[in-house]
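This report refers to the structure that appears directly beneath it.
The values are calculated or read from the model by the stated rules, or taken from the named source; none is laboratory data. Worth saying up front: this structure is predicted, and the values here are computed from it rather than measured. Backbone-built Cβ (ideal geometry, glycine too); neighbour counts: all protein chains shown. Only protein heavy atoms, including side chains, enter the accessible area calculation; ligands, DNA and RNA are left aside. Shrake-Rupley method; radii C 1.70, N 1.55, O 1.52, S 1.80 Å.
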Amino acid sequence: MALLFQLPLRFLKTVSCRALWHFTVGAGLGNLMAFARFQRRKRKGRLFPPIVFASVTQRVNLQCRGCLATGVQDPVDMSPELLQKIVDDSAKKGVRFFGILGGEPLLLPWLPAFFKKNRKAYFQLFTNGRFLDQSVADALRVAGNVSPLISVEGVGASYAARRGDDAMYDAALQAIEACRRAKLVTGVAVSVSASNMADVVQPGFIDEMVVRGAHYVWYYIYRPSGPNPGFEEALSDAQVRQLRQFLVDQRKRVTQAVIIDAYWDAEGHARCPAAVGINVHVSAGGAVEVCPPVQCADARMTAAGDFVTTVEQSTFIRAFQAQVPNWTTGCVLMDHPDALAQLAMACQAQDSSGRHTFFRELSERTVCGCHNHSGSPIPESSWFYRCMKRTLFFGFGSYA
C-alpha cells in the first residue's frame, strides 16, 4: 500500500510537469490502448506489436564483453528519415512506445531534436551514459517524452568492494545526476552476470540507485552475445531462481521506485516477449528482427517502405512466434541455438549483425539456462505488480 502513495509523491516532487505528463500519457495510458489494439489484432492473426525497438546506430564507444553491438566491421547509422517512417507507420497501429538502442544512441547528435519533434510518441533511451551530460539531459527535458535508461552493471558500487571499470561506473553516476537535475523519469539498467550478481542482487544496490535519482531499476539476465560472448558469465539455474525471488521480495520492500524484469508474468511463468509478439526490433541498417540479440532477418525496412506491411509479411517473425513457444518459454537463443539456426535458415533469414558472423556464432554457442528456471513458478506477491503486469507495460515484464 505504501508504494501506491510514496511512488506517485516522489514522481511529483522529482519529475518536471512536462516529463510527468508525457510519461503518464505516453508510457501509461498510451500503452494501455496499444495493448488493447494488439490483442484485437492478434485474435485476427495480425502480427504487428504494441512496442517497437530500434537500434539507431551500430557505432559504440565501449567494447563490453558479451555485447551484441561489438565487432561490427563497418558500422552504420539509421537515418532520421527511416526512424521517422518507423514511428509514423507504427502510430497508425496505435503504438506510442519506442525503445531507442545502439550501439550508443547518443553518438547521433540529431536524436534529441527528433524526440522533440515527435512528442506524441514516448521514447525509452538505452545508453551507457558517457554522452549524457547536463546539456543533453536539459534537451531531453525540453522534449519531455524521453526516459533515459542508463546502464550501470553494478561495477564499483560504493557499498561493495570496487570491481571492474570505475570510469564506466562513474560516468553512469554522472549521467544519473544530470537526469536528476533535469527532472527526467530516469531508469537504471543492470545485466546480472555470475561475476556481478553478489554486487547487484542485494537491497543496497537498489537503495543507492534510488537515492541517486533512479525512478525504476531494470534487471536483465546476462545473455552472452557477439564475438567475445563470455559463456562462463551466464547464470546457473540456482542463480536465476535466486534473482527471481529477490525481485519478488524487493517489490514488496521498495516504495519509491519501480523494479522491472524482462522475463516473468504475474504468476511467475517464464515468457519470451518476442515469441508472444509484444515487440519487434529494427537494426540500424533497417533489418526487421524478432529481438535485438537474434541478429538475423528476412525483411528489411527502408524510408520508402511500409513498416506495418514489412513486419506482417515477415516469414521469419511469423514462424518464430509459431514455433518457439513449442520449444521453450525462456530465451531460445540461450537454450535452443541449434533449433533457432535451423528455423532462420528455413525462412531464408540473413545475417543482420554487421559482423557477418552471426550464424557461425550461433553454431558455436554453448547451451545456457535462462529465466525458465526449474522448480515451481514464483508468483508476484505484490498486488501492485500483479496488476501492472496484467494491464500495463512496465518494461518487458508485462504480458497483456
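In segment 17-58, how many are assigned to a loop (DSSP other than H, G, I, E, B), open to solvent by 10 Å² or more (accessible area, probe 1.4 Å) and at pLDDT 95 or above? Working first, answer last.
Just the residues of segment 17-58 that are assigned to a loop (DSSP other than H, G, I, E, B), to begin with: 44-50, 56, 58.
In the following step, the residues that additionally are open to solvent by 10 Å² or more (accessible area, probe 1.4 Å) were identified as 44-47, 58.
After this cut, where a residue has to be at pLDDT 95 or above as well, the list is 58.
Total satisfying the criteria: 1.
Against the definition (at pLDDT 95 or above, open to solvent by less than 10 Å² (accessible area, probe 1.4 Å) and over 30 Å from CYS370 (Cβ atoms)), how does GLY187 come out, yes or no?
Numbers: at pLDDT 95 or above: yes; open to solvent by less than 10 Å² (accessible area, probe 1.4 Å): yes; over 30 Å from CYS370 (Cβ atoms): no.
Spelling it out, it is not the case that GLY187 is at pLDDT 95 or above, open to solvent by less than 10 Å² (accessible area, probe 1.4 Å) and over 30 Å from CYS370 (Cβ atoms).
Output the residue which, of all residues in segment 291-321 that are in a loop (DSSP other than H, G, I, E, B) and open to solvent by less than 10 Å² (accessible area, probe 1.4 Å), is nearest to ALA54 (Cα to Cα). Let's see the steps before the verdict.
Keep residues of segment 291-321 that are in a loop (DSSP other than H, G, I, E, B), which gives 291-295, 298-299, 301-306, 313-314.
Filter again for open to solvent by less than 10 Å² (accessible area, probe 1.4 Å), leaving 294, 301, 314.
Working: VAL294: 14, MET301: 11, SER314: 17 Å.
So, considering only residues that are in a loop (DSSP other than H, G, I, E, B) and open to solvent by less than 10 Å² (accessible area, probe 1.4 Å), the one nearest to ALA54 (Cα to Cα) is MET301.
Within segment 76-116, take every residue that is open to solvent by 10 Å² or more (accessible area, probe 1.4 Å) and polar (S, T, N, Q) and give me the one that is farthest from ILE51 (Cα to Cα).
Here the answer is SER79.
Looking for something of a type in the set (D, E, K, R) and outside any loop (DSSP other than H, G, I, E, B) - is there at least one such residue anywhere in segment 266-278?
no
Give segment 241-260 a look and list any residue that's within 17 Å of ARG271 (Cα to Cα) and at pLDDT 95 or above, or say none.
We begin by selecting, within segment 241-260, every residue within 17 Å of ARG271 (Cα to Cα); these are 241, 243-245, 247-248, 260.
Listed by number, the residues that qualify are ARG241, LEU243, ARG244, GLN245, LEU247, VAL248.
To keep it simple, each residue is scored yes or no on (1) crowded, with 20+ Cβ neighbours inside 10 Å; (2) under 15 Å from ALA266 (Cα atoms); (3) modelled with pLDDT of 95 or more; (4) not aromatic (Phe, Trp, Tyr).
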| position | (1), (2), (3), (4) |
| --- | --- |
| ALA344 | yes, no, yes, yes |
| PHE384 | no, yes, no, no |
| LYS389 | yes, yes, no, yes |
| ALA400 | no, yes, no, yes |
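Out of ASP237, ASP207, report the one residue that is free of Cβ contacts under 8 Å to residues at least 60 places away in the same chain and either open to solvent by less than 50 Å² (accessible area, probe 1.4 Å) or charged (D, E, K, R) (or both).
After applying the criteria, what remains is ASP207.
Restricting attention to segment 144-176, which residues are farther than 30 Å from PHE115 by Cβ and either at pLDDT 90 or above or open to solvent by 30 Å² or more (accessible area, probe 1.4 Å) (or both)?
Answer for segment 144-176, where residues must be farther than 30 Å from PHE115 by Cβ and either at pLDDT 90 or above or open to solvent by 30 Å² or more (accessible area, probe 1.4 Å) (or both): SER158, TYR159, ALA161, ARG162, ARG163, GLY164, ASP166.
Out of everything in segment 361-373 that is open to solvent by less than 60 Å² (accessible area, probe 1.4 Å) and part of a loop (DSSP other than H, G, I, E, B), what residue ends up being farthest from MET334 (Cα to Cα)?
Initially, segment 361-373 is screened for residues open to solvent by less than 60 Å² (accessible area, probe 1.4 Å), giving 361-362, 365, 368-373.
Keeping just the survivors that are part of a loop (DSSP other than H, G, I, E, B) gives 365, 368-373.
Working: ARG365: 8, CYS368: 5, GLY369: 6, CYS370: 7, HIS371: 10, ASN372: 11, HIS373: 12 Å.
Restricting to residues being open to solvent by less than 60 Å² (accessible area, probe 1.4 Å) and part of a loop (DSSP other than H, G, I, E, B), the top hit is HIS373.
With respect to the numbered conditions (1) under 25 Å from ALA303 (Cα atoms); (2) not in a loop (DSSP other than H, G, I, E, B), which one is the sole condition not fulfilled by VAL72?
(2) is the only condition that VAL72 fails.
Spot the failing condition for GLN73; the list is (1) closer than 23 Å to VAL280 by Cβ; (2) open to solvent by 20 Å² or more (accessible area, probe 1.4 Å), and only one is missed.
Every listed condition holds for GLN73 apart from (1).
Taking THR57, is it free of Cβ contacts under 8 Å to residues at least 24 places away in the same chain, among the hydroxyl-bearing types (Ser, Thr, Tyr) and either over 21 Å from VAL276 (Cα atoms) or in contact with a Gly (Cβ under 9 Å, 6 or more places away or on another chain) (or both)? Please lay out each step first, then the result.
Working: free of Cβ contacts under 8 Å to residues at least 24 places away in the same chain: no; among the hydroxyl-bearing types (Ser, Thr, Tyr): yes; either over 21 Å from VAL276 (Cα atoms) or in contact with a Gly (Cβ under 9 Å, 6 or more places away or on another chain) (or both): yes.
Against the criterion (free of Cβ contacts under 8 Å to residues at least 24 places away in the same chain, among the hydroxyl-bearing types (Ser, Thr, Tyr) and either over 21 Å from VAL276 (Cα atoms) or in contact with a Gly (Cβ under 9 Å, 6 or more places away or on another chain) (or both)), THR57 does not qualify.
Six or more apart or on different chains, Cβ atoms under 7 Å: show the pairs whose first residue is in segment 163-180 and under 15 Å from LEU125 (Cβ atoms) and whose second is assigned to a helix (DSSP H, G or I) and modelled with pLDDT of 90 or more.
ILE176/ARG212; ALA178/GLN134; ALA178/ALA137; CYS179/ALA137
Taking ASN228 and the conditions (1) in a loop (DSSP other than H, G, I, E, B); (2) touching a helix residue (DSSP H, G or I) at 6+ places or on another chain (Cβ under 9 Å); (3) within 29 Å of THR366 (Cβ to Cβ), which numbered condition does it fall short on, given that it satisfies the others?
Failed condition: (2).
Looking at segment 247-264, which of its residues are assigned to a loop (DSSP other than H, G, I, E, B) and open to solvent by less than 20 Å² (accessible area, probe 1.4 Å)?
Taking segment 247-264 and keeping what is assigned to a loop (DSSP other than H, G, I, E, B), we get 254-257, 262-263.
Within segment 247-264, VAL254, ALA257, ALA262, TYR263 meet the criteria.
Tell me which residues, restricted to segment 322-336, are surrounded by fewer than 24 Cβ atoms within 10 Å (Cβ to Cβ) and part of a loop (DSSP other than H, G, I, E, B).
The answer is THR328, THR329, GLY330, HIS336.
Can TYR216 be described as among the aromatic types (Phe, Trp, Tyr) and modelled with pLDDT of 95 or more?
Working: among the aromatic types (Phe, Trp, Tyr): yes; modelled with pLDDT of 95 or more: yes.
Here the answer is yes, as TYR216 does meet what is asked.
Give me the pairs: first residue in segment 348-360 and open to solvent by 20 Å² or more (accessible area, probe 1.4 Å), second residue assigned to a strand (DSSP E or B), beta-carbon distance under 7 Å, and six or more apart or on different chains, which are they?
Sorted first by the residue in segment 348-360, then by its partner, the pairs are GLN350/CYS296; GLN350/ALA297; ASP351/CYS296; PHE359/ASP351.
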